[in-house]
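Novice: So that we are looking at the same thing, I have put the structure below in structure tokens.
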């Protein structure tokens, strides 16, 4: 029987491997990133910020505890940009199709990491319910 911690560790490893594969492929669209990446930074950053916020606030609306809400927020914001990048490269002949996903991979990694570090340094309220024990 797998514990929740084991599943989280396996998911983190799988996500990291997928991101590394995508980062390896990003070099193939480097010229497109330089030419068009700047135009995509703001929309992609807004997309991921909205996903982080929506995940957090919707979990609060559903009355989850702080720890669970933070986890859900990070999971919502860290969606499969790497998968989108790889699918775009596989199914479209024009390599520029993958540029937006490449920018999203970078924004996803930076935003998720920054949010995780920020929340790590924020205390969990003493009366926070543990959703795993209920």
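Novice: Any residue at all in region 39-57 that's touching a residue at least 24 places away in the same chain (Cβ under 8 Å), assigned to a helix (DSSP H, G or I) and over 18 Å from residue 109 (Cβ atoms)?
Specialist: Among the residues of region 39-57, not one is touching a residue at least 24 places away in the same chain (Cβ under 8 Å), assigned to a helix (DSSP H, G or I) and over 18 Å from residue 109 (Cβ atoms), which makes the answer no.
Novice: Something else: So how many residues does region 100-134 have that are loosely packed, with under 14 Cβ neighbours inside 10 Å, at pLDDT below 85 and more than 13 Å from residue 69 (Cα to Cα)?
Specialist: So the count comes out to 4.
Novice: In region 107-124, which residues are touching a residue at least 12 places away in the same chain (Cβ under 8 Å) and in a helix (DSSP H, G or I)?
Specialist: Hits for region 107-124 are 107, 108, 109, 111, 112, 115, 116, 119.
Novice: So how many residues does region 58-88 have that are assigned to a helix (DSSP H, G or I) and loosely packed, with under 14 Cβ neighbours inside 10 Å?
Specialist: Of the residues in region 58-88, 1 are assigned to a helix (DSSP H, G or I) and loosely packed, with under 14 Cβ neighbours inside 10 Å.
The values are calculated or read from the model by the stated rules, or taken from the named source; none is laboratory data. What you see is a predicted model; the values in this text were computed from it and never measured. Note that each Cβ is placed from the backbone with ideal geometry, even for glycine, and that neighbours are counted across all protein chains shown.
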